[in-house]
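The values are calculated or read from the model by the stated rules, or taken from the named source; none is laboratory data. For clarity, every value in this text was computed on a predicted model and none was experimentally measured. For neighbour counting, all protein chains shown are included, and Cβ atoms are generated from backbone atoms with ideal geometry for every residue, glycine included.
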Amino acid sequence: MRNQLRKETRLLISELGLRPPAPFTVMEQLAIDLLQKLKISEEYIDFTIVLIGNETWRKTVEATPFHRRLLLLPQCLKDNTSCQGVFDELGLNCAGCKSCPIDDILVEAENLGYSTLVAEGTTVAIGLVEEGAIDAVIGVSCMPVLQRSFEAVTNAAVPVIGLPLMYDGCENTKIDLKWLYDEIRAEKKDETSKPISISGLKLQLNNFFANGTLGKYFDDKNETEKLAREFVQVGGQRMRPLITALSYSAYSGSENEDVRDALSLIIECFHKASLIHDDIEDETDIRYDTDTVHKKHGIPKAINTGDFLIGKGYELLSKLPVDGAVIAKALQKISLSHTQLTRGQGADIQFNSGAYFPGVDHTLEIFQHKTGEAIKVALVLGAILGGANDEEIKILERFANYFGISYQVRDDLNEFDEERSDEKIADFPLLVALLKENSAEHSLTDVASFKKEIKKLELDKKARVILNRNVASCYAELDQLQNDRLRLSLYGVLGKIFKPLATHE
């Protein structure tokens with residue numbers, strides 16, 4: 001029956017073209033329909049759901065090189081009466097005593113190049129994927145653990161093949177060894193399905209920005225360029241250049257590091273220019289745990305350095321070794337985002353000065369312009385240079401709008417939950433807008449009283465509803481993307497950023 005269901009689910013998903021990570025409700029209904037069609041008891045619905053999930057991920061897992069996979073085995077496969085293995089913080093260290101099949105399985109997998117782990121649960125496996133140590137998981141577990149791990153695996157977009165044990169229980173269990181070895185050995189060369197290692201890409205970009213190669217883009221003989229290069233190389237998460245490199249890599253399928261690195265530098269130039277100007281406008285003296293550019297060198301030099309970085313970004317774009325029509329398209333998108341971002345910043349300056357208190361809808365629009373446009377230009381620049389079609393670009397633009405709103409709302413809520421000595425009411429623009437629309441006390445100037453009123457009216461809960469709605473819209477847009485490599489990568493980004501507050505079904 002297991003083999004029959006494996007065969008039927010593979011045919012079913014092949015015909016439907018269901019893409020991962022599939023919603024649980026969809027897989028559940030497919031499982032019910034399949035069991036009814038085969039006249040098999042619905043007692044096996046959970047097992048069938050696991051098989052359906054496996055088939056949605058199959059292309060991705062099989063396209064992942066062995067050395068980028070993790071084999072996760074449960075400790076309960078060991079023989080409790082004779083096991084000589086010892087435990088550490090990660091799990092069981094097999095002693096190779098041959099009293100159970102664990103040693104033979106590990107030897108087979110490690111000879112192929114797998115990373116291996118004998119531990120309970122999926123937390124460690126998800127962590128290894130997020131850290132970039134691996135790109136896919138083949139996991140053996142009892143059905144209850146597979147069920148509990150579904151939401152976490154889906155949110156993190158972890159490519160996984162799950163194999164249920166032959167019966168539940170916490171000791172001396174068994175696995176269908178032929179099935180397990182078939183899955184371990186399965187590999188197909190398919191660049192369109194091979195996942196992109198975000199952490200690997202991030203490491204390459206960090207090396208690019210730190211290893212001195214920026215010298216060919218900047219002339220250190222000029223003080224302005226020296227200051228510009230110095231600030232470009234200063235810390236930060238480099239999320240925007242990473243997104244650009246990710247988008248370019250996903251659409252181009254190219255390993256052209258020169259174009260990829262240049263695109264990343266263009267976006268970082270624009271981003272760092274905006275930070276210099278923002279710090280002046282906000283009268284901020286600390287950035288990356290050190291003095292800001294205007295604090296170190298004075299406002300005139302800081303403004304000039306920011307202006308230089310904007311010009312440098314456009315100069316680098318014009319010199320890319322690609323077709324002129326592509327450059328023109330990229331230029332149009334970048335310049336539009338640039339003007340939209342400054343509109344959002346202008347409204348934000350008014351708000352911080354106390355001269356303007358926008359409503360909820362306008363506040364979300366400001367979020368879209370300030371943060372959404374920055375994410376949009378990063379995604380779209382990589383997509384255009386990578387060869388994405390217009391429909392994919394429109395989807396990415398809508399995704400970026402929702403992402404920008406979600407990111408800012410999340411920051412509002414995170415800061416609201418923290419206690420800081422320097423906090424001020426202007427740090428919570430969405431909550432201010434909600435208070436204005438829901439209370440006569442919207443003119444409160446004391447942070448403690450403001451927070452008390454927000455809690456009393458449960459406006460922080462309303463903000464969470466807004467967050468969840470926009471995160472759901474992010475996922476809905478991603479599900480329309482045809483490029484699976486980028487779609488799954490962005491799924492992983494969303495899951496990592498928003499998992500404390502929002503989930504996706």
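Computed values, structure above
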{"read-out": "Criterion: more than 28 Å from Gly386 (Cα to Cα) and either assigned to a loop (DSSP other than H, G, I, E, B) or touching a Ser or Thr at 6+ places or on another chain (Cβ under 8 Å) (or both) - qualifying residue of Tyr181, Tyr167", "value": "Tyr167"}
{"read-out": "Test: residue in segment 346-353 that is more than 29 Å from Arg469 (Cβ to Cβ), modelled with pLDDT under 95, small (Gly, Ala, Ser) and more than 30 Å from the chain's Cα centre (by Cα)", "value": "yes"}
{"read-out": "Subset of segment 336-356 [within 30 Å of Leu381 (Cα to Cα) and in contact (Cβ under 8 Å) with a residue 12 or more places away in the chain]", "value": "Ser337, His338, Gln340, Leu341, Arg343, Gly344, Gln345, Ala347, Asp348, Ile349"}
{"read-out": "Qualifying position, being under 30 Å from Leu478 (Cα atoms), touching a helix residue (DSSP H, G or I) at 6+ places or on another chain (Cβ under 8 Å), of a type in the set (Gly, Ala, Ser) and touching a residue at least 60 places away in the same chain (Cβ under 8 Å), among Ala250, Ala273, Ala262", "value": "Ala250"}
{"read-out": "Segment 1-56, residues that are among the acidic types (Asp, Glu) and in contact with a helix residue (DSSP H, G or I) (Cβ under 7 Å, 6 or more places away or on another chain)", "value": "Glu8, Glu28, Glu42, Asp46, Glu55"}
{"read-out": "Number of the exception - Glu458 against (1) crowded, with 16+ Cβ neighbours inside 10 Å; (2) at positive phi", "value": "(1)"}
{"read-out": "Test set (1) farther than 22 Å from Leu364 by Cα; (2) modelled with pLDDT under 90; (3) surrounded by 19 or more Cβ atoms within 10 Å (Cβ to Cβ) - Ala502 fails condition number", "value": "(1)"}
{"read-out": "Odd one out for Thr363, checked against (1) surrounded by fewer than 18 Cβ atoms within 10 Å (Cβ to Cβ); (2) under 22 Å from Thr284 (Cβ atoms); (3) within 27 Å of the chain's Cα centre (by Cα)", "value": "(1)"}
{"read-out": "Among (1) in a helix (DSSP H, G or I); (2) farther than 16 Å from Leu494 by Cα; (3) in contact with a helix residue (DSSP H, G or I) (Cβ under 6 Å, 6 or more places away or on another chain); (4) in contact (Cβ under 8 Å) with a residue 40 or more places away in the chain, the one test that Glu392 misses", "value": "(3)"}
{"read-out": "Which listed residue, of Val471, Val493, Val465, is β-branched (Val, Ile, Thr), at pLDDT below 90, within 27 Å of Pro21 (Cα to Cα) and outside any loop (DSSP other than H, G, I, E, B)", "value": "Val493"}
{"read-out": "Residue check for Leu316: under 21 Å from Glu223 (Cβ atoms) and touching a helix residue (DSSP H, G or I) at 6+ places or on another chain (Cβ under 9 Å)", "value": "yes"}
{"read-out": "Residues of segment 124-135 satisfying the condition of being under 15 Å from Gln75 (Cα atoms) and surrounded by fewer than 22 Cβ atoms within 10 Å (Cβ to Cβ)", "value": "Val124"}
{"read-out": "Filter result for Val145 (of a type outside the set (Lys, Arg) and buried (at least 22 other Cβ atoms within 10 Å of the Cβ))", "value": "no"}
{"read-out": "Segment 219-236, subset touching a residue at least 40 places away in the same chain (Cβ under 8 Å) and of a type outside the set (D, E, K, R), residue nearest to His297 (Cα to Cα)", "value": "Leu227"}
{"read-out": "In segment 404-425, residue farthest from Asp361 (Cα to Cα) [restricted to those that are touching an Asp or Glu at 6+ places or on another chain (Cβ under 9 Å) and either not in a helix (DSSP H, G or I) or not charged (D, E, K, R) (or both)]", "value": "Arg420"}
{"read-out": "Count of segment 112-123 residues which are surrounded by 16 or more Cβ atoms within 10 Å (Cβ to Cβ) and modelled with pLDDT of 85 or more", "value": "5"}
{"read-out": "Answer from Ile102, Ile138, Ile161 - the residue that is crowded, with 21+ Cβ neighbours inside 10 Å and touching a Cys at 6+ places or on another chain (Cβ under 6 Å)", "value": "Ile102"}
{"read-out": "Within segment 419-445, tally of residues that are closer than 14 Å to Gly354 by Cα, over 33 Å from the mean Cα position of the chain (by Cα), of a type outside the set (S, T, N, Q) and modelled with pLDDT under 85", "value": "2"}
{"read-out": "Which listed residue, of Leu481, Leu486, is surrounded by 13 or more Cβ atoms within 10 Å (Cβ to Cβ) and assigned to a loop (DSSP other than H, G, I, E, B)", "value": "Leu481"}
{"read-out": "Whichever residue in segment 191-216 is assigned to a loop (DSSP other than H, G, I, E, B) and in contact with an Asp or Glu (Cβ under 9 Å, 6 or more places away or on another chain) and, among such residues, is farthest from Ala157 (Cα to Cα)", "value": "Thr192"}
{"read-out": "Segment 27-85 - residue that is outside any helix (DSSP H, G or I) and among the aliphatic types (A, V, I, L, M) and, of those, surrounded by the fewest Cβ atoms within 10 Å (Cβ to Cβ)", "value": "Ile40"}
{"read-out": "Residue within segment 46-68 that is without any contact (Cβ under 8 Å) to a residue 12 or more places away in the chain, hydroxyl-bearing (Ser, Thr, Tyr) and either out of contact with any Asp or Glu (no Cβ under 9 Å at 6 or more places or on another chain) or over 28 Å from Arg10 (Cα atoms) (or both) present", "value": "no"}
